[in-house]
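Structure, as structure tokens:
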Amino acid sequence: MTELHKKLRWQYRIQSGVFIILLLALVALLGYLALQQRVQWDVSQNGRNSLSDTSIDILQKLPGPVQVTAYATEYQAEVGDIRKVITDFVALYQRIKPDLVLQFIDPVEQPLLAQEANVQVNGEIVITYQHKTEHLAVINEQTFSNALLRLARLEDKLIVELSGHGERKLDGRANFDLGEFGKSLQKSGFVSQPLNLAIEQDIPLNADLLIIASPQVDLLPGEVDKLLDYIDRGGNLLWLVDQESLRGLLPLTEKLRLTLTPGVVVDPHAEQLKAPITFSLGAIYGQHPVTSGFQYITVFPYARQITIDDNAGWNSVSLVEVAQNGWVETGDLNAKIEFDQAVDVPGPISVAAALSRNINDREQRIVIVGSGHFLANTYLGNGNNLDFGINLVNWLAGDEEMMVIQPRATIDGNLVLSQSQLTFIAVGQMMALPALFLTIGISIWWYRRRKMAP
């Protein structure tokens, strides 16, 4: 029996020794992996501690290195350690793009460098990519990602907007105008200029896109001829049409083989959602680059129906269908709105169409939207109208790769831990827990050793 007890004791000692060796090896392996690999989970309500898919897509459009230079002092009274704030923010982008390099310059200690960079405020950031620069005085995901998007665009795109007939203006501030949309286009790397065809000889050849935004008075026949000639030459066009008169542009619908039905689209589903019944909700989209991956609601106030006439000249797609249970109301909107089978057109109804064709060795692109209101300052914030409008312009300008959803705003707060708290958590995970497991293992070994003792 004595020999048996000795043999069993040796077996337990060997097992305990192997257990301890394996446990120490596991702790060492976990420590090594912790140094080599970084894994994180963002549990904040709106994912504010990680980048949105939009920002990640933008980073993937920048194949080369990006230089970020922050002109910031060591400390700023309003925000404290401003360099740490900037470092933590830029780190979100560096995790996705390691060749995005951050450096700091103190504008107080090196004022000449700050002056050469045209830096105006403490904490200003200058982003450089392929000899192009962007300045940011405010740092958040939307401003930073939009700056990267502008840098990713190889060259500015020129938009000309028809003027002289009371059109909606891309720089206008009135509720009717498109000023907020114009600001977003400018942030995305577009430049715009008005075009009065009563004065100008022709539409500029270097224009990437012409916008006709709801004229309020009739165009002269000579102006219409210039527009038709622009289409014949392969020019790209965004035409925003409201429920009023076409203002002399009926020949344009004939050239594009379109029918614009009189009346206003009525959508009972919008009324169920506490919106006016004359607001059409877009949720069903055609197969097209503009709508690829677009799964958001758009709102088209006072829209009119756009019907594509079948023809061999244009490749056409209905971009948005609305009012599945609605109709085109041809009666007085101030009276009781009811469906009249004799005169009203039942849904579903197309309110936006895209046309394309090959001409002069390039693809000509045209979009007609039956609601100029949907991009107006008053309604731009409804649904995802802004994103849809940006997608339209990017496609028309030949920049499909730039069609991304705008970075989302943050809606929740931060949990900020002090350095001592972070150290306590790290020590607990890397030392206290392994020590606890080791103590438990030794206790079990000691208990079994005593139990087996003669």
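The values are calculated or read from the model by the stated rules, or taken from the named source; none is laboratory data. All values reported here derive from a predicted model rather than from experimental measurement. Note that each Cβ is placed from the backbone with ideal geometry, even for glycine, and that neighbours are counted across all protein chains shown.
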Those residues of the range 116-139 which are surrounded by 14 or more Cβ atoms within 10 Å (Cβ to Cβ) and in contact (Cβ under 8 Å) with a residue 24 or more places away in the chain, in sequence order: A117, V119, N122, G123, E124, I125, V126, I127, T128, Y129, I139
Inter-residue pairs, beta-carbon under 6 Å, first touching a residue at least 60 places away in the same chain (Cβ under 8 Å) and surrounded by 11 or more Cβ atoms within 10 Å (Cβ to Cβ) and in the range 330-341, second part of a loop (DSSP other than H, G, I, E, B) and among the hydrophobic types (A, V, I, L, M, F, W, C), 6+ apart: T330/V343
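Scan the range 346-357 and give yes if some residue there is of a type in the set (K, R), modelled with pLDDT under 85 and over 26 Å from K169 (Cβ atoms), otherwise no.
no
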Members of the range 192-215 found to be exposed (fewer than 12 other Cβ atoms within 10 Å of the Cβ), within 15 Å of A397 (Cα to Cα) and among the aliphatic types (A, V, I, L, M), listed by number: L205
Elements of type helices (runs of 4 or more DSSP H) contained in the range 74-177, each with 1 or more residues being under 26 Å from S52 (Cβ atoms): 82-96, 141-152
All positions within the range 245-287 that are among the β-branched types (V, I, T) and not in a loop (DSSP other than H, G, I, E, B): T253, T259, V264, V265, V266, I284
Residue that is modelled with pLDDT of 85 or more, within 27 Å of G64 (Cβ to Cβ) and not hydrophobic (A, V, I, L, M, F, W, C), where the choices are E155, E124: E124
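Identify, from the list D242, D218, the residue that is surrounded by fewer than 20 Cβ atoms within 10 Å (Cβ to Cβ) and either touching a residue at least 60 places away in the same chain (Cβ under 8 Å) or of a type outside the set (S, T, N, Q) (or both).
Values: D242 fails: surrounded by fewer than 20 Cβ atoms within 10 Å (Cβ to Cβ).
That would be D218, the only listed residue that is surrounded by fewer than 20 Cβ atoms within 10 Å (Cβ to Cβ) and either touching a residue at least 60 places away in the same chain (Cβ under 8 Å) or of a type outside the set (S, T, N, Q) (or both).
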Flag if V290 is in a loop (DSSP other than H, G, I, E, B) and out of contact with any His (no Cβ under 9 Å at 6 or more places or on another chain): yes
Residue check, G179 in contact (Cβ under 8 Å) with a residue 40 or more places away in the chain and surrounded by fewer than 20 Cβ atoms within 10 Å (Cβ to Cβ): yes
